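Below is one structure, written out as structure tokens; the observations come after it.
Any read-out appearing in this document is the output of simple, stated calculations on the displayed coordinates, not a laboratory observation. Everything quoted here is computed from the prediction, not taken from an experiment. For neighbour counting, all protein chains shown are included, and Cβ atoms are generated from backbone atoms with ideal geometry for every residue, glycine included.
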Amino acid sequence: MRQVVLTDFSTSAKAQERPILLRDASPPATIKLMNPLGRLYKRALIAQRRTFSQVTQKAYDFTAQGLNKNNEIVNVQLSSYLGKKYCCLFFYPLNYTFVCPTEVIEFNKHVKYFEEKNVELLGISVDSVYSHLAWKNMPIEKGGIGNVNFTLVSDINKEISKNYNVLYENSYALRGLFVIDLQGKIRHKTVNDLSIGRNVNEVLRVIDSIIHVDTSGDVCPINWKKGDKSFKPNNEALLEYLNSSPKN
């Protein structure tokens, strides 16, 4: 039997040695266990990113370059909208792809409705601002997106996608969408697979619901849309709503 000394990093920042006996071991040696601090740090980062991206939690603040509607390169800071505007962040995988131009073009068709609701619409991908500009300059009939009237953010270092927990295989973002309120809190999120596009009208419906809840104190029942009946969050109001709703 040979005595082997293991260096244990798990109980203290300072390495501790503890002897054990191994049958048929080679001459005495020091075997170092893997330092778990790196793993713990990585897990903490992942947990933090999940927290940042959760509904009811504060949204991850970021500053990044973006290309605005006038094709100017600007700095975009999410926290600059606090107390002023709601924000809708929609992540898309890449410029010059397939589903992505259909989404960007459709969001652009509805940009005036976001503006009417006091919502800042921000498209985000891992492309550079120069790639955004070239894509905007490409005609729609040739696969471009034309003159988009909202800001396209460059997440070229992938930090925004990571912190919103939508980065796919460390390459590009899934189709994540986040609605952030005036206090900087995430109120709604969806994440689609790469090949599945989103519904802009549904996004606008959800935004209407959030604004209505914030301004009225009501809750919005299933399939609620602007102009429909809502009710106060108490049992009496619920029963009144249920009894006044169609039974079939």
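Here are the numbers for the structure shown:
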quantity	calculated
Residues Glu106 and Asp193, FRET efficiency given R0 of 22 Å [Cβ-Cβ distance, rounded to 0.05]	0.75
Proximal lysines to Lys69, defined as alpha-carbon separation beneath 23 angstrom and excluding residues fewer than eight positions away on the same chain	Lys84, Lys85, Lys109, Lys112, Lys117, Lys136, Lys142, Lys158
Whichever aspartates and glutamates have a C-alpha closer than 20 Å to that of Lys226, once near sequence neighbours (fewer than 8 apart) are set aside	Glu115, Glu116, Glu120, Asp181, Glu202, Asp208, Asp214, Asp218, Glu240
Electrostatic dipole magnitude of segment 54-198 [Cβ: Lys, Arg +1; Asp, Glu -1; Cα centre; debye, to 20]	320 debye
For His188, residues with placed amide H under 5 Å, excluding near neighbours	Val179
Projected-area mean, segment 163-248, by convex hull of Cα positions, square nanometres	8.0 nm²
Farthest toward positive dipole pole in segment 54-198 [+1 Lys/Arg, -1 Asp/Glu at C-beta], among Thr102, Leu133, Tyr60	Tyr60
